[in-house]
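This report concerns only the one structure given below.
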Amino acid sequence: METVSLEKRNVAILVLSQTLFMVASITVMTLSGVVGQQLSPAPSLATLPIAMMMLGTVVSTLPASLYMKRVGRRRGFITGASLGAWRLPFSVPGMPVSPPA
């Protein structure tokens, strides 16, 4: 009986996690064009930031997977999260301070 309860809890956590991931993905895709348009000198470059993000994901997926296979998922996730947090101070100055026109 306890196993069924644990399984239901795990499924609920997975459903919530997947929902939050989908919302975050849609938000990033929607706002990236708007932010890109404010940052870029030419409108044709508005989606360049999201294109570079997707390219970075494609290029880094296999090496990250191999790294996690070697050191474990927990350590691999901590390494990835740390690298992402370390890059934050470099990306914040690029955001416009003034409200959009």
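Using only the Cα atoms of the range 16-101, each taken as one equal point scatterer with no solvent, compute I(q) by the Debye sum, divide by I(0), and report log10 of the ratio at q = 0.24, 0.26 Å⁻¹.
Scattering profile of the range 16-101, log10 relative to I(0): -1.30, -1.32.
With +1 assigned to the C-beta of every Lys and Arg and -1 to the C-beta of every Asp and Glu, and no other charges, what is the dipole magnitude of the chain about the Cα centre in debye, to the nearest 20? Please report the intermediate quantities before stating the final value.
Details: 8 positive and 2 negative charges, 86 e Å.
It comes to approximately 420 debye.
Rounded to the nearest 0.05, what FRET efficiency is calculated for residue 67 and residue 91 with R0 set to 25 Å and r the Cβ-Cβ distance? Each step should come with its number before you reach the end.
Working: r = 23 Å, r/R0 = 0.91.
Between residue 67 and residue 91 the formula returns 0.65.
Given the rule -39500 (n - 2.57) for each run of at least 4 DSSP H residues, summed and divided by the residues of the chain, what is its mean residue ellipticity at 222 nm, to the nearest 500 deg cm²/dmol?
-28500 deg cm²/dmol
Please list, in order along the range 42-53, the HN-Hα scalar couplings obtained from phi with the Karplus expression 6.51 cos²θ - 1.76 cosθ + 1.60 (θ = phi - 60°), rounded to whole Hz, x for Gly and Pro.
Working through the residues one at a time gives 10, x, 5, 9, 4, 9, 4, x, 6, 5, 5, 5 Hz.
From the phi of every residue in the range 26-40, what ³J(HN,Hα) in whole Hz does the Karplus formula 6.51 cos²θ - 1.76 cosθ + 1.60 yield, where θ is phi - 60° and glycine or proline is x?
Here the 3J(HN,Hα) series is 5, 5, 4, 4, 6, 7, 5, x, 5, 5, x, 5, 6, 8, 8 Hz.
Averaged per residue, what accessible area in Å² does the chain show with a 1.4 Å probe, protein chains only?
Values: 8720 Å² over 101 residues.
With the other protein chains kept in place, the chain gives 86 Å² per residue.
Can you work out the Karplus-derived ³J(HN,Hα) for every residue in the range 67-75? Use 6.51 cos²θ - 1.76 cosθ + 1.60 with θ = phi - 60°, whole Hz, and x for glycine or proline.
Per residue, the Karplus-derived 3J(HN,Hα) values read 5, 5, 5, 7, 9, x, 5, 4, 5 Hz.
The values are calculated or read from the model by the stated rules, or taken from the named source; none is laboratory data. Treat the numbers as computed from the prediction; the structure is a model and nothing was measured. Counting neighbours? That spans all protein chains shown, and the Cβs are built from the backbone with ideal geometry, glycine included. These accessible areas exclude ligands, DNA and RNA; they are computed on the full protein's heavy atoms, side chains included. Shrake-Rupley method; radii C 1.70, N 1.55, O 1.52, S 1.80 Å.
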